[in-house]
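Undergrad: So that we are looking at the same thing, I have put the structure below in structure tokens.
The values are calculated or read from the model by the stated rules, or taken from the named source; none is laboratory data. Quick caveat: nothing in here was measured; it's all calculated off a predicted structure. With ideal geometry, Cβ positions are generated from the backbone for all residues, glycine too; neighbour counts draw on all protein chains shown. These area figures cover heavy atoms from the full protein model, side chains too; ligands, DNA and RNA do not enter into them. Shrake-Rupley method; radii C 1.70, N 1.55, O 1.52, S 1.80 Å.
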Amino acid sequence: MKTIAMLILMTTAGAASAADFPECKVRTLAPVTDDGGYRNPAGTILPADILRRDAHGVSYCAHGGTCVPERVRGRQVVRLINCRPGKSIGNGDYRLDPDPKTMGAADARRFLTARQVGDKLAALNFSNAAIGSWSSDYATNPASPNGRLVARALAGSSKAVAEMKAKLP
């Protein structure tokens with residue numbers, strides 16, 4: 001019994017920390033298959049970074065992941081939850097920007113801070129995984145050891161960049 005309680009506590013703690021960082025999300029209104037062939041049931045919450053407009057219509061895509069169509073046979077099957085279409089990034093793709101009314105002002109600021117930091121880390125040739133980790137560390141707690149390391153790297157410290165890449169390329 002004690003072991004089960006500990007597992008529940010550990011699982012809940014892990015889920016809470018992962019859910020602490022804001023991200024754009026979409027909800028499936030009906031079952032929908034993504035472009036990777038996975039069928040998402042109605043009510044599924046999915047991350048999305050990009051709105052894509054092409055010959056097939058509008059889709060919501062996760063960075064480095066798959067896309068789900070907004071409509072299937074004219075029926076809306078996916079809806080944005082807490083973001084809105086933003087600036088064009090080319091080729092029919094648009095960034096999704098946080099909607100402070102639904103995401104909350106503080107979370108929207110953290111989201112945008114992480115995006116700005118991520119853009120700068122991308123220019124320093126970090127991997128997508130490292131960018132996500134370092135930028136969320138910085139946006140969540142800039143005074144933490146990782147947050148301060150990121151700040152030093154963004155200020156031009158090649159030693160900080162090397163230390164970050166040694167930990168997480």
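Undergrad: May I have the pair-distance distribution P(r) for the chain, computed from all Cα-Cα distances with 10 Å bins from 0 and rounded to whole percent?
TA: Binned Cα distances yield the sequence 10, 31, 31, 21, 7, 0.
Undergrad: Explain nothing, just compute: Karplus ³J(HN,Hα) = 6.51 cos²θ - 1.76 cosθ + 1.60, θ = phi - 60°, for every residue of segment 89-95 in order, whole Hz, x for Gly and Pro.
TA: Computed from phi, the couplings for segment 89-95 are 10, x, 6, x, 9, 10, 5 Hz.
Undergrad: Moving to a separate point now. How far is helix 145-154 tilted off the main Cα axis of the chain, in degrees rounded to 10, range 0 to 90?
TA: 90 degrees
Undergrad: Apply the Karplus parameterisation 6.51 cos²θ - 1.76 cosθ + 1.60, with θ equal to phi minus 60°, to every residue of segment 124-139 and state each ³J(HN,Hα) to the nearest whole Hz, in sequence, with x for glycine and proline.
TA: Values per residue, Gly and Pro as x: 8, 6, 7, 6, 4, 5, 5, 4, x, 5, 5, 5, 6, 4, 5, 5 Hz.
Undergrad: Straight-line reach from LYS159: which lysines fall under 22 Å, measuring Cα to Cα and dropping same-chain residues less than 8 apart?
TA: Candidates past the 8-residue exclusion: LYS120, LYS167.
Undergrad: Sort all Cα-Cα distances of segment 102-156 into consecutive 10 angstrom bins from zero, then give the percent of pairs in each bin up to the one containing the longest distance.
TA: Answer for segment 102-156: a P(r) of 27, 56, 16, 1 percent.
Undergrad: Kindly write out, for segment 109-119 in residue order, the coupling ³J(HN,Hα) from the Karplus curve 6.51 cos²θ - 1.76 cosθ + 1.60 (θ = phi - 60°), rounded to whole Hz, with x marking Gly and Pro.
TA: 5, 4, 4, 5, 4, 4, 5, 4, 5, x, 4
Undergrad: Something else about it: Given the C-alpha centroids of segment 120-169 and segment 18-86, what is the distance between them in whole angstrom?
TA: 29 Å
Undergrad: For a protection proxy built on the mean count of beta-carbon atoms within 10 angstrom, sort 44-54, 118-128 highest first, please.
TA: Packing proxy ranking, top to bottom: 44-54, 118-128.
Undergrad: Return the carbon/sulfur percentage of the accessible area of the chain, one whole number, probe 1.4 Å, all protein chains in place.
TA: Here it works out to 56 percent.
Undergrad: Quick check on the chain: helices-only [θ] at 222 nm, where DSSP H runs of length 4 and up contribute -39,500 (n - 2.57) each and the sum goes over total residues. Nearest 500, please.
TA: Calculated at 222 nm, the ellipticity per residue is -13500 deg cm²/dmol.
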